[in-house]
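The structure appears below as structure tokens.
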Amino acid sequence: MHDWIKTVPKAVLHDHLDGGLRVETLIELANEQNYPNLPSTNHDELKKWIQPKPDKSLAINLEAWEHTIGVMQDKDSIYRVTTEALEDLSNDGVVYAELRFAPLVHTFKGLTTGEVVDSVVNGIKDGMEKYDIVAGVILCAMRQEQNSLEVVNLCIEHNDVIGFDLAGPEVGFSVLNHSEACSLAVENNINVTLHADWEVAEGIKEVVIDSKAKRVGHGSQIINDIAFNNGEVTFQNTAAQYVFDNNIALEICPTSNVQCGAYSDVSEHSFGELFNAGFNVTINTDNRLMSDITMSEEVNNVVESFGLDEKDILGITKNTIEAGFVKPELKNKALKKLS
Ligand SMILES: [Zn+2]
């Protein structure tokens with residue numbers, strides 16, 4: 001890895017809280033809680049079990065979430081995972097981080113949804129202070145469920161929550177099924193970013209035009225909606241043009257995309273072409289634990305694949321923070337770290 005990558009200020013917009021635990025924390029929490037279901041309580045064995053398997057088309061181990069969510073069912077555990085995420089990101093040179101998670105799946109041991117959200121918000125507040133990082137939390141509803149309105153209402157009730165997202169499977173589960181929730185969010189000035197991965201061609205339009213999202217989770221498939229004419233980018237549809245003209249940030253997660261089978265290698269990812277075309281591309285980890293990736297490694301992969309330099313990454317970090325959902329004064333605090 002290039003020496004400067006670890007220290008250059010980095011920013012991440014798309015990092016799932018329940019996909020970023022430390023392996024040792026997962027084991028310790030399981031032990032404390034007498035959680036019986038972990039496949040192993042040995043660090044190396046468990047890490048190996050969770051790790052992406054390169055020989056599968058869908059390499060990310062979806063079963064691992066059952067366990068990370070399984071041990072995040074009380075206030076202390078949720079708080080611990082949140083503060084540790086900020087510690088790890090800060091140690092990795094990340095100056096701005098947005099974490100996201102689905103609050104409704106953390107109530108199986110009796111926490112109220114409000115308590116769940118407060119546990120993360122408290123972790124963010126304390127972690128920001130302790131680890132000198134600017135951070136915020138986005139609440140996710142799941143596309144395959146019917147409770148997105150409840151999640152938007154949690155965003156409205158909790159002033160410290162910075163945004164709303166829809167995650168989960170996309171094929172057969174359109175965001176348009178959640179138009180009431182997205183409208184409610186927009187009407188209440190809740191920032192909206194929605195997952196639109198590569199499998200659904202109309203995903204970008206549904207997200208930015210129909211649902212008025214300010215950012216796109218993933219979004220790398222927009223490469224299919226543009227063409228290059230003598231070096232000039234041209235647009236095949238109004239959604240792609242809209243994303244470009246409005247500088248809508250794409251929360252690109254290169255490693256996660258490769259592991260899910262969208263690209264054979266980061267060097268094949270559309271990131272490079274989108275960056276060169278002038279799209280507002282950001283670099284994101286998605287799930288640090290499940291993908292076995294750090295932000296520095298993610299940035300390094302992009303740098304090596306597309307020949308970017310420190311100035312390019314600083315520019316991306318600046319754009320990323322500017323696309324962030326935290327309050328302006330906090331954004332400025334993070335931006336000051338770039339000078
Ligand atoms: Zn995601």
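A short reminder: the numbers here are calculations on the coordinates, not readings from a lab. Just so we're clear, the structure is a prediction, and the values are computed from it rather than from any experiment. Methodologically, a virtual Cβ is constructed for each residue, glycine included, from the backbone with ideal geometry; neighbour enumeration extends over all protein chains shown.
What's log10 of I(q)/I(0) for region 192-339 at q = 0.08, 0.14 Å⁻¹, Debye sum over Cα points only, no solvent? Here log10 of I(q) over I(0) equals -0.21, -0.67.
Under the simplified labelling scheme, the Ile209-Asp309 pair shows an inter-label distance of 4.0 nm, with each label point 7 Å from Cα along Cα→Cβ. Using θ = phi - 60° in the Karplus curve 6.51 cos²θ - 1.76 cosθ + 1.60, the 3J(HN,Hα) couplings for region 121-134 round to 4, 5, x, 5, 4, 5, x, 4, 5, 5, 10, 6, 9, 9 Hz; x is entered for Gly and Pro.
Distant-in-sequence amide contacts of Gly261, defined by a placed amide H-H separation under 5 Å and a gap of 5 or more residues or a different chain, comprise Ala59.
This ranking places Glu115, Glu206, Glu129 by how few other beta-carbon atoms lie within 10 Å of each, fewest first, which gives Glu129, Glu115, Glu206. In order along region 8-22, the phi-based Karplus estimate (6.51 cos²θ - 1.76 cosθ + 1.60, θ = phi - 60°) of 3J(HN,Hα) comes to 5, x, 10, 9, 10, 9, 10, 8, 7, 4, 7, x, x, 5, 6 Hz; Gly and Pro are listed as x. Rounded, prolate or oblate, given the Cα gyration tensor of region 264-330, with a/c below 1.5 counting as rounded? It is oblate, given that a/c is not under 1.5 and a/b is not larger than b/c. Secondary-structure-derived ellipticity at 222 nm for the chain, considering helices only, amounts to -12000 deg cm²/dmol, per-run term -39500 (n - 2.57) for DSSP H runs with n ≥ 4.
Computed over the chain with a Gaussian network model linking Cα atoms closer than 10 Å, the most mobile of Leu308, Leu62, Leu149 is Leu62.
With Cα atoms defining each centre, region 302-322 and region 219-286 are spaced 14 Å apart in the structure.
For region 244-258, putting each phi into the Karplus relation 6.51 cos²θ - 1.76 cosθ + 1.60 with θ = phi - 60° gives couplings of 5, 5, 9, 6, 5, 6, 9, 8, 6, 10, x, 5, 4, 4, 5 Hz, in residue order, rounded to whole numbers and with x for Gly and Pro. Normalising the Debye intensity of region 7-98 to I(0), with uniform scatterers on Cα atoms only, and taking log10 at q = 0.15, 0.25, 0.26 Å⁻¹ returns -0.64, -1.27, -1.31. When the chain is treated as a GNM with alpha-carbon contacts under 10 Å, the residue of Ala201, Ala102, Ala85 showing the greatest mean-square fluctuation is Ala201.
For Val12, the residues 5 or more places off, or on other chains, whose built amide H falls under 5 Å of its own are Tyr96, Ala97, Glu98.
Counting other Cβ atoms within 10 Å as a rough exposure proxy, the listed residues Cys253, Cys182 run Cys182, Cys253 from fewest neighbours to most.
Backbone amide hydrogens, once placed in the peptide plane, bring His195 within less than 5 Å of Leu166, Gly217, excluding anything fewer than 5 places away on its chain.
Principal axis analysis of the Cα atoms in the chain yields extents of 63, 46, 42 Å, listed in decreasing size. When both region 85-104 and region 10-70 are represented by their alpha-carbon centers, they are found 16 Å apart.
Give the range of the longest stretch in the chain that excludes all chymotrypsin sites (Phe, Trp or Tyr not before Pro) found in loop regions by DSSP and having at most 16 other beta-carbon atoms within 10 Å. In the chain, the maximal stretch lacking such sites is 174-339. If the Kirkwood radius is taken over C-alpha pairs of region 96-171, then at 10 °C and 1.306 mPa s the Stokes-Einstein diffusion coefficient equals 123 µm²/s.
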